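Reviewing the structure listed below.
The values are calculated or read from the model by the stated rules, or taken from the named source; none is laboratory data. Worth saying up front: this structure is predicted, and the values here are computed from it rather than measured. Quick reminder, even Gly has a Cβ in these numbers, built from the backbone with ideal geometry, and neighbours come from all protein chains shown.
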């Protein structure tokens, strides 16, 4: 069922815990101009995501899934429509408020990890908390805690070049979690790792979801998508299917 | 954030090193050229201070050089209303064969009236001249060092006169009765002997080079100087302020050279900082995008890039100042053996050099930093 037309806050009741949605997306549109031709990367997307949900967004290249992710992450602005996180409409936030929203509400995990090569695993996790003004001791404590949780407690002093792809992605996940975000956005998190590592990453994300972390994964990989409790399939900037209602 | 700046710099050692070297070279030039200018300014400043607040009367038509005035003009000057006293001095070169002389260079002999002797320069040993002294001399610190003189030693003066096609050189020894302390002024390279003996030895009886007119404190020196010019024929008269202005005017060309060097240094150093920072920013496009995605504010990224540029400025500045300081120190040492220093590295110059280096770093780091903050995190993250 496509619940994109459902539209009622927290009343769709079609999924999981039945609590208030962490994320609400309403009629989201993004139009790029390719020369003089408008390209509708997002064409009226609406859905809700509840706290603790593990959701994957799949679809062919150009279907708008990455655009959708960057709108949720406030990395880009929609042409029209709204994104609410914890009831706050972030699409109306001023440019100067964007960094605060990003660091407080969103945790990013990227396909190519995007760790800072000059910093150790510990420092890579630490850096996200700096921008929030967390005290040094607290940062250290939390970074160690998170790295231990992702199974890298013995690798804290290692630089990215000394870590395997899977280990780097786990550092990136620890970093994304450091500021206790409302939503963890993972853009092809298993795109650059082997099959075995993929399982480790997916298990890690599933574990986090069970602990109440809301996670949205954008992926090409149906193997990964099948592991999640809800799959939204995008096509031509629209939601084609949403298993959320099953 | 400071540790991140340091890391960024140390990660690209070669480039950071070259940039710092560029700034250091620029500041080095500023320090060396500025040191010369500072020395010149201090020298003239101290000289003028020691000469005191007297009106200077010189023959009309001389330009910077030393002319001659008839001694009778002293009496005429004294009669000018407002003038309380006047005296003449005779200035010649200690060794005419080696050239030199003039206000700013070379060893000079001052024929002075012992009673009018300028005592602002303190003695390190011996005494000042007293009335009735014969061929006695009070010498400046540089002269004493150059000729290795102590009180009681003899110093040879030379005079040279042209007679038809040949020149006659005469020599005469004077005995040193006093040695002045270092003043950083023309006193250091001066030999003061009684005026009458100077006139006799140089065959310049009844002649002086300059007349100094004293006036009552609080009166208008410019007005009195003008009165002297009107009442005494063929003289040019300058109040202390006019004298200072004239000399400072002559320093302008010197300053222009210094400023040009500084501007050149700024361009070279600045371009090297800008180039480095632009390369650094485009290399770190992805990093800045990531930091933004992680919630870094624009000002944080601005601080990181500008901080890096400023830090390179500070390090380059300090290196340049230290290198310039060392070079001028050794140059001064070698010039001192010949009697005079050439550079003065003043606290003011150090401060200017440092501020210059930092602002160079900051100004030339601004554009790259601006570019870094303008980056959209989405685009930056896609950047390969």
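Figures for the structure shown
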quantity: Residue A:74 being within 18 Å of the chain's Cα centre (by Cα), at the interface with another protein chain (Cβ under 10 Å from one of its Cβ atoms) and within 20 Å of residue B:376 (Cβ to Cβ); calculated: yes
quantity: Within the range B:148-251, strands (runs of 3 or more DSSP E) holding 2 or more residues that are without any contact (Cβ under 8 Å) to a residue 40 or more places away in the chain; calculated: B:154-163, B:166-180
quantity: Qualifying residue in the range B:111-123 (condition: in a strand (DSSP E or B) and within 25 Å of the chain's Cα centre (by Cα)); calculated: yes
quantity: Residues of the range B:177-194 satisfying the condition of being surrounded by fewer than 23 Cβ atoms within 10 Å (Cβ to Cβ) and touching a strand residue (DSSP E or B) at 6+ places or on another chain (Cβ under 6 Å); calculated: B:177, B:178, B:179, B:181
quantity: Sole residue being surrounded by fewer than 24 Cβ atoms within 10 Å (Cβ to Cβ), within 17 Å of residue B:18 (Cβ to Cβ) and either in the same structural domain as residue B:18 (by TED's automatic domain parsing) or in contact (Cβ under 8 Å) with a residue 24 or more places away in the chain (or both), chosen from B:302, B:278; calculated: B:278
quantity: Residue within the range B:225-248 that is more than 25 Å from residue B:208 (Cβ to Cβ) and surrounded by fewer than 19 Cβ atoms within 10 Å (Cβ to Cβ) present; calculated: yes
quantity: Matching entry among A:105, A:92 (being more than 10 Å from every other protein chain (Cβ to nearest Cβ) and either within 21 Å of residue A:208 (Cα to Cα) or exposed (fewer than 14 other Cβ atoms within 10 Å of the Cβ) (or both)); calculated: A:92
quantity: Evaluation of residue A:75 against (1) out of contact with any helix residue (DSSP H, G or I) (no Cβ under 7 Å at 6 or more places or on another chain); (2) at pLDDT below 90 (one fails), failing number; calculated: (1)
quantity: Members of the range B:288-297 that are buried (at least 22 other Cβ atoms within 10 Å of the Cβ) and out of contact with any strand residue (DSSP E or B) (no Cβ under 9 Å at 6 or more places or on another chain); calculated: B:288, B:289, B:291, B:292, B:296
quantity: Some residue of the range B:286-303 being more than 9 Å from chain A (Cβ to nearest Cβ) and farther than 30 Å from residue A:134 by Cα; calculated: no
quantity: Top-ranked residue of the range A:1-38 - restricted to ones that are surrounded by fewer than 13 Cβ atoms within 10 Å (Cβ to Cβ) and at pLDDT 85 or above, ranked as nearest to residue A:84 (Cα to Cα); calculated: A:32
quantity: Residue count for the range B:7-35, restricted to those that are within 14 Å of chain A (Cβ to nearest Cβ) and either crowded, with 24+ Cβ neighbours inside 10 Å or outside any helix (DSSP H, G or I) (or both); calculated: 1
quantity: Residue in the range A:125-132 that is more than 21 Å from the chain's Cα centre (by Cα), facing another protein chain (nearest Cβ under 9 Å), surrounded by 16 or more Cβ atoms within 10 Å (Cβ to Cβ) and part of a loop (DSSP other than H, G, I, E, B) present; calculated: no
quantity: Residue selected from the range A:87-111 under the condition assigned to a loop (DSSP other than H, G, I, E, B) and touching a helix residue (DSSP H, G or I) at 6+ places or on another chain (Cβ under 7 Å), by the criterion nearest to residue B:377 (Cα to Cα); calculated: A:110
quantity: Qualifying residues in the range B:118-136 (those that are closer than 26 Å to residue B:247 by Cβ and surrounded by fewer than 18 Cβ atoms within 10 Å (Cβ to Cβ)) - the one modelled with the highest pLDDT; calculated: B:122
quantity: Single unsatisfied condition, residue B:4 versus (1) within 14 Å of chain A (Cβ to nearest Cβ); (2) outside any helix (DSSP H, G or I); calculated: (2)
quantity: Filtered residue count, the range B:87-110, keeping only those that are at pLDDT below 85, buried (at least 16 other Cβ atoms within 10 Å of the Cβ) and over 23 Å from the mean Cα position of the chain (by Cα); calculated: 3
quantity: Test set (1) closer than 30 Å to residue A:90 by Cα; (2) in a helix (DSSP H, G or I) - residue A:167 fails condition number; calculated: (1)
quantity: Single unsatisfied condition, residue A:144 versus (1) surrounded by 16 or more Cβ atoms within 10 Å (Cβ to Cβ); (2) more than 14 Å from every other protein chain (Cβ to nearest Cβ); (3) touching a residue at least 40 places away in the same chain (Cβ under 8 Å); calculated: (3)
quantity: Test result for residue B:332, under 22 Å from the mean Cα position of the chain (by Cα) and away from every other protein chain (no Cβ under 14 Å); calculated: yes
quantity: Filter result for residue A:176 (modelled with pLDDT of 90 or more, under 24 Å from residue A:197 (Cβ atoms) and outside any strand (DSSP E or B)); calculated: yes
